[in-house]
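Scroll down for the structure; my scribbles are underneath it.
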């Protein structure tokens, strides 16, 4: 009996994710094979008309006596072909009805498959929706940006129009409630002149004090402070004073003071009996001279085993003192000049009588000479 196979035409759109099971060769459904329920054997699944014989040969015998394998010789079926003898009409009708039922089932299934609506393209539709949403978002963002830049201008224009309509009045005079106290120019000039005299007196007090310290480089409080500082530095480095090393501390202090210059600039009086006067001092770097020379001299003392201790101190010979003086002169000459110092010096007083704050004075002098 011929087999029936129904396939879709090339024009049908089949969704691969919703298609039925594929039909493989040799696995056609029962109706395509032309076999109905009556031709598949008995209802209980047994093949009643199948006989068995050794190796499938009817009436045969096994190759080996111990081989008990029994192969089927015929396939059981319930189909009876029309006989040319006897009652052939009933058998022909039954066969025709069976074939008709198979045709009907096949055609019905084909119609169902043919009339099934195509499955929706869910993935493509989602992609189109996303693209449409993205375009909409871009348009909205552009509109928001334009509105953000145009709204202030529109608001300003509308505000101006509303002000012109509702407040069409001259602008109020906001200076009407203010009163001005006019000061006589003559009185102001007198006040300025008095303040100027007081500031000039404060400047002169600072200049006089500083120049007095520098007046005699060979003596005075500043000279003594410089000598004491040098002796302390040399004792720290090697345990000797300047005189013990053959160094003239008085001459060095006089040179430092002689090289100092003073320039007084501005004065600021606070109205409570205090004020500040700025002065610029250009001085040698006395602290750098002492420390540089002290380090070199200490190296010389160590090399010649002349370092002083708490237990002993050797007296240097005249030759050794000469060598130390040469080290001192070279170290002092190697120190580079420093920048001038502009500092504020505190003053107290009133009118034309002002005095310099000595504590602040010496603090500033230690700074300008680097006496740390």
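The values are calculated or read from the model by the stated rules, or taken from the named source; none is laboratory data. In this text the structure is predicted, and so the values were computed from the model without any measurement. In this analysis, Cβ positions are derived from the backbone assuming ideal geometry, glycine residues included, and neighbour counts consider all displayed protein chains.
Looking at segment 241-262, can you tell me whether even one residue there is within 24 Å of residue 357 (Cα to Cα), assigned to a strand (DSSP E or B) and in contact with a strand residue (DSSP E or B) (Cβ under 7 Å, 6 or more places away or on another chain)?
Yes, that holds for at least one residue.
Could you tell me which numbered condition residue 220 fails, if it satisfies all but one of (1) under 23 Å from residue 340 (Cβ atoms); (2) at pLDDT below 95; (3) in contact with a helix residue (DSSP H, G or I) (Cβ under 7 Å, 6 or more places away or on another chain); (4) buried (at least 20 other Cβ atoms within 10 Å of the Cβ)?
Single failed check for residue 220: (4).
Among (1) farther than 21 Å from residue 357 by Cβ; (2) at pLDDT 95 or above; (3) touching a helix residue (DSSP H, G or I) at 6+ places or on another chain (Cβ under 6 Å), where does residue 238 come up short?
If we test residue 238 against (1) farther than 21 Å from residue 357 by Cβ; (2) at pLDDT 95 or above; (3) touching a helix residue (DSSP H, G or I) at 6+ places or on another chain (Cβ under 6 Å), just (2) comes out false.
Criterion first (in contact with a helix residue (DSSP H, G or I) (Cβ under 7 Å, 6 or more places away or on another chain) and either at pLDDT 70 or above or under 30 Å from residue 268 (Cα atoms) (or both)) does residue 152 satisfy it?
No; evaluated as a whole, the condition is false for this residue.
Any residue that is without any contact (Cβ under 8 Å) to a residue 60 or more places away in the chain, more than 23 Å from residue 236 (Cβ to Cβ) and within 51 Å of the chain's Cα centre (by Cα) - is there at least one of those in segment 289-305?
Within segment 289-305, not a single residue is without any contact (Cβ under 8 Å) to a residue 60 or more places away in the chain, more than 23 Å from residue 236 (Cβ to Cβ) and within 51 Å of the chain's Cα centre (by Cα).
Sort through 345, 369 and tell me the only one that's farther than 21 Å from residue 230 by Cβ, touching a residue at least 12 places away in the same chain (Cβ under 8 Å), buried (at least 16 other Cβ atoms within 10 Å of the Cβ) and under 51 Å from the mean Cα position of the chain (by Cα). Show your work before the answer.
Details: 369 fails: farther than 21 Å from residue 230 by Cβ.
Of 345, 369, the one residue that is farther than 21 Å from residue 230 by Cβ, touching a residue at least 12 places away in the same chain (Cβ under 8 Å), buried (at least 16 other Cβ atoms within 10 Å of the Cβ) and under 51 Å from the mean Cα position of the chain (by Cα) is 345.
Every residue, every condition in (1) within 24 Å of residue 314 (Cβ to Cβ); (2) buried (at least 19 other Cβ atoms within 10 Å of the Cβ), yes or no:
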residue	(1), (2)
212	no, no
215	no, no
224	no, no
235	yes, no
249	yes, yes
273	no, no
302	yes, no
